[in-house]
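Worksheet for the structure shown next.
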Amino acid sequence: MVSIESFNFKGLKAIVRVDFNVPIDREQGEAKVKDDTRIRSSLPTIRKVLGDGGSVILVSHLGRPDGKKDDKYSLKPVHLHLQELLGQKVAFAPHCSGGEVKAMADALRPSEVMLLENIRYCPEEEGKPVFPEGCDSAKKEKIREQTVREQKRFAAILAGYADIYVNDAFGTAHRAHATTSVIADYYPNGRKMFGKLMRRELKALDRVMDKADHPYTAIIGGAKVSDKLDVMRNLLDRVDNLIIGGGMAYTFIKALGGSVGDSLCEDDKLDTALSLLEKARSKWVRVLLPVDSVNGREFKVDTEAETTCAHEIPDGWRGFDIGSRSVEMFREVILSSKTVLWNGPMGVFEFDNFAKGTVDIARAVAEASDNGAYSVVGGGDSVAAVNRFNLTEKISYVSTGGGAMLEYMEGKILPGIYAIRGY
């Protein structure tokens with residue numbers, strides 16, 4: 001597999017799949033990018049191609065327009081922001097395919113950049129079959145086959161714009177879309193490669209999944225056990241300590257006989273939780289659950305709050321954050337680790353009065369990193385926590401992937417990675 005660092009793009013056009021699916025602020029009338037982290041993350045790849053004397057055709061999605069043009073999901077605000085970051089003009093194609101786009105691509109000169117409009121305006125990108133009401137199984141199969149053919153034709157058209165394909169969108173690597181995997185089939189080996197961001201992501205995740213130093217601690221938070229169950233199962237073969245926080249912790253606490261009041265709890269996953277704990281014991285993995293809980297009456301910012309033992313939450317109260325004793329217990333384990341992986345908040349991080357547990361864990365991970373541990377943080381709220389207190393630079397690697405990171409941690413083969421690396 002060719003490396004982008006060693007490849008020379010001089011005189012060549014590269015179509016680069018990026019992840020510019022960023023939050024857009026539309027409240028003041030003029031749409032502007034609120035958080036440009038993902039855009040900035042793509043700059044090293046873009047600058048590598050331009051610096052070699054190549055030209056760049058950027059492809060991204062924004063939101064879920066479901067195959068239809070919708071100004072709410074236009075990449076125009078991203079286009080303006082990208083020009084500022086690059087310090088040069090960027091051509092903007094008003095469509096994602098067609099004769100006008102092909103002409104613009106053909107006209108690109110060395111060191112020039114072009115951004116296509118939202119690729120998900122084209123239904124062929126996602127390749128979702130649409131079945132009419134009352135459609136039988138034979139008809140459905142024909143529709144599926146037709147949808148695949150249309151997606152391949154679309155990918156072939158896009159591939160015709162450029163000499164090289166570069167995938168630098170880890171956040172969409174788990175999608176078998178035209179621009180994340182299918183397009184790679186139209187480029188020979190040596191003419192398709194990962195971008196710099198994708199390479200950094202894979203290097204970081206491969207290290208914590210297969211080459212971690214021990215003691216190794218994984219911190220898994222979030223709302224539901226069902227969302228992270230396969231991740232935790234896969235990690236039990238790798239980690240020494242598994243810290244469980246967030247709403248999912250209450251399912252485990254109830255499974256162990258605790259009272260969780262009105263806290264979020266998946267009753268249909270109680271046996272599953274016990275099974276996972278038993279598997280952890282058989283593998284000598286220490287599982288840590290919260291010992292105290294900060295509870296609220298209602299799901300709102302100014303709700304009445306109190307702290308109780310995590311397994312003694314009264315009826316009428318809901319666990320919204322881990323308490324100080326849990327933080328200290330988790331912190332001690334984190335600081336004794338040589339590898340730390342964190343995905344998911346410890347509580348209702350969006351409410352300031354229930355964000356302390358998540359923030360304190362962020363600080364502990366940063367401190368462990370300062371002490372020499374290798375740390376990887378991923379997931380929206382976990383990343384938000386390290387960003388909020390300017391801890392990003394202290395973390396060994398902050399992932400840009402959400403769903404892609406989770407599926408990679410589950411041990412799944414991601415289409416966007418397989419299309420280039422083969423595994």
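Out of the residues in the stretch 230-253 that are surrounded by fewer than 19 Cβ atoms within 10 Å (Cβ to Cβ) and under 19 Å from the mean Cα position of the chain (by Cα), state the one that is farthest from R207 (Cα to Cα).
So the residue we want is D230.
May I ask you to list the residues in the stretch 379-397 that are of a type in the set (D, E, K, R) and without any contact (Cβ under 8 Å) to a residue 24 or more places away in the chain?
Residue satisfying the conditions is E393 alone.
Given the criteria modelled with pLDDT of 95 or more, surrounded by fewer than 20 Cβ atoms within 10 Å (Cβ to Cβ) and out of contact with any Pro (no Cβ under 6 Å at 6 or more places or on another chain), does A107 qualify?
Judged against the criteria, A107 is a match.
Only one of D321, D315 is of a type in the set (D, E) and surrounded by fewer than 24 Cβ atoms within 10 Å (Cβ to Cβ); which?
Residue meeting the stated conditions: D315.
Six or more apart or on different chains, Cβ under 6 Å: which pairs go from a residue in the stretch 398-423 that's in the same structural domain as S226 (by TED's automatic domain parsing) and closer than 11 Å to N343 by Cβ to one that's of a type in the set (S, T, N, Q) and outside any helix (DSSP H, G or I)? Could you list them?
Once the first residue is in the same structural domain as S226 (by TED's automatic domain parsing) and closer than 11 Å to N343 by Cβ and sits in the stretch 398-423, its partners that are of a type in the set (S, T, N, Q) and outside any helix (DSSP H, G or I) give M405/S399.
Which condition from (1) under 18 Å from G171 (Cα atoms); (2) free of Cβ contacts under 8 Å to residues at least 40 places away in the same chain; (3) charged (D, E, K, R) is the one that R38 breaks?
So the condition that R38 fails would be (2).
If the Cβ limit is 9 Å and pairs must be 6+ apart or interchain, which residue in the stretch 214-226 that is touching a residue at least 12 places away in the same chain (Cβ under 8 Å) pairs with which residue that is loosely packed, with under 15 Cβ neighbours inside 10 Å and among the hydroxyl-bearing types (S, T, Y)?
P215/S336; T217/S336
For a quick check of your reading: which helices (runs of 4 or more DSSP H) sit entirely within the stretch 315-423 and have at least 1 residues that are of a type in the set (K, R)?
Here the list reads 324-335, 356-370, 380-388, 415-421.
Of all residues being farther than 16 Å from H79 by Cβ and under 18 Å from the mean Cα position of the chain (by Cα) in the stretch 36-47, which is modelled with the highest pLDDT? Just the residue, please. Break it down stepwise before answering.
Of all residues in the stretch 36-47, those farther than 16 Å from H79 by Cβ come to 37, 41, 44-45, 47.
Okay, now just the ones that are also under 18 Å from the mean Cα position of the chain (by Cα), so 37, 41.
Values: T37: 86, S41: 93.
Looking at residues that are farther than 16 Å from H79 by Cβ and under 18 Å from the mean Cα position of the chain (by Cα), I get S41.
Can you list residue pairs whose Cβ atoms sit under 9 Å apart, with the first residue in the stretch 191-208 being touching a residue at least 24 places away in the same chain (Cβ under 8 Å) and at positive phi and the second being surrounded by fewer than 21 Cβ atoms within 10 Å (Cβ to Cβ) and hydrophobic (A, V, I, L, M, F, W, C)? Count only pairs 6 or more apart in sequence or on different chains.
Qualifying pairs under 9 Å: none.
For the stretch 71-83, give me each residue that is surrounded by fewer than 23 Cβ atoms within 10 Å (Cβ to Cβ) and modelled with pLDDT of 95 or more.
The answer is Y73, S74, K76, P77, H79, L80, H81, Q83.
Tell me which of these Y187 doesn't satisfy, since it passes every other one: (1) touching a strand residue (DSSP E or B) at 6+ places or on another chain (Cβ under 7 Å); (2) crowded, with 22+ Cβ neighbours inside 10 Å.
It fails just one condition, (2).
Looking at the stretch 38-61, is at least one residue farther than 21 Å from R200 by Cα, surrounded by fewer than 20 Cβ atoms within 10 Å (Cβ to Cβ) and not small (G, A, S)? Before the answer, list the steps.
Here is the first cut: in the stretch 38-61, the ones farther than 21 Å from R200 by Cα are 53-55, 57, 61.
Next, only the ones that are surrounded by fewer than 20 Cβ atoms within 10 Å (Cβ to Cβ) stay: 53.
Among the residues that remain, those that are also not small (G, A, S) are: none.
No, the stretch 38-61 has no match at all.
Are any residues in the stretch 59-85 closer than 18 Å to E126 by Cβ and among the hydrophobic types (A, V, I, L, M, F, W, C), and if so, which ones? Reasoning before the result, please.
Within the stretch 59-85, the subset closer than 18 Å to E126 by Cβ is 59-70, 72-75.
Within the stretch 59-85, V59, L62, L75 meet the criteria.
When you go through S259, S226, S181 one by one, which is the residue that is surrounded by fewer than 22 Cβ atoms within 10 Å (Cβ to Cβ), of a type in the set (S, T, Y) and modelled with pLDDT of 95 or more?
S259
Inside the stretch 11-35, can you point out the residues that are over 18 Å from the mean Cα position of the chain (by Cα), within 18 Å of N118 (Cβ to Cβ) and assigned to a loop (DSSP other than H, G, I, E, B)?
Once the filter is applied, which keeps residues that are over 18 Å from the mean Cα position of the chain (by Cα), within 18 Å of N118 (Cβ to Cβ) and assigned to a loop (DSSP other than H, G, I, E, B), the stretch 11-35 yields R26, A31.
Looking at G87, G127, G98, G134 in this structure, which one is buried (at least 16 other Cβ atoms within 10 Å of the Cβ) and at positive phi?
G127
Of all residues in the stretch 386-412 being of a type in the set (A, V, I, L, M, F, W, C) and over 15 Å from the mean Cα position of the chain (by Cα), which is modelled with the lowest pLDDT? Lay out the reasoning, then the answer.
The initial filter retains those residues of the stretch 386-412 that are of a type in the set (A, V, I, L, M, F, W, C), namely 386, 389, 391, 395, 398, 404-406, 409.
If we keep only those that are over 15 Å from the mean Cα position of the chain (by Cα) too, we end up with 386, 389, 391, 395.
Working: V386: 88, F389: 85, L391: 92, I395: 96.
Ranking the qualifying residues of the stretch 386-412, first place goes to F389.
Enumerate the pairs (first residue in the stretch 1-17 and closer than 18 Å to R199 by Cβ; second residue anywhere and in a loop (DSSP other than H, G, I, E, B) and hydrophobic (A, V, I, L, M, F, W, C)) with beta-carbon separation below 7 Å, excluding pairs fewer than 6 apart on the same chain, so at least 6 apart or on different chains.
So the pair list comes out as A14/A162; I15/A162; R17/A169.
Output the number of the condition that G171 fails; it satisfies all remaining conditions of (1) of a type outside the set (A, V, I, L, M); (2) modelled with pLDDT of 95 or more; (3) in contact with a Gly (Cβ under 6 Å, 6 or more places away or on another chain).
So G171 meets the others, but not (2).
Return only the number of the condition from (1) in a loop (DSSP other than H, G, I, E, B); (2) surrounded by fewer than 23 Cβ atoms within 10 Å (Cβ to Cβ); (3) hydrophobic (A, V, I, L, M, F, W, C) that L205 does not satisfy.
(1)
Does V301 satisfy the condition of being surrounded by fewer than 22 Cβ atoms within 10 Å (Cβ to Cβ), among the aliphatic types (A, V, I, L, M), without any contact (Cβ under 8 Å) to a residue 40 or more places away in the chain and under 27 Å from R363 (Cβ atoms)?
It is false that V301 is surrounded by fewer than 22 Cβ atoms within 10 Å (Cβ to Cβ), among the aliphatic types (A, V, I, L, M), without any contact (Cβ under 8 Å) to a residue 40 or more places away in the chain and under 27 Å from R363 (Cβ atoms).
The values are calculated or read from the model by the stated rules, or taken from the named source; none is laboratory data. Predicted, not measured: the structure shown is a model, and the values here were computed from it. Reconstructed Cβ throughout: ideal geometry from the backbone, glycine too, with neighbour counts over all protein chains shown.
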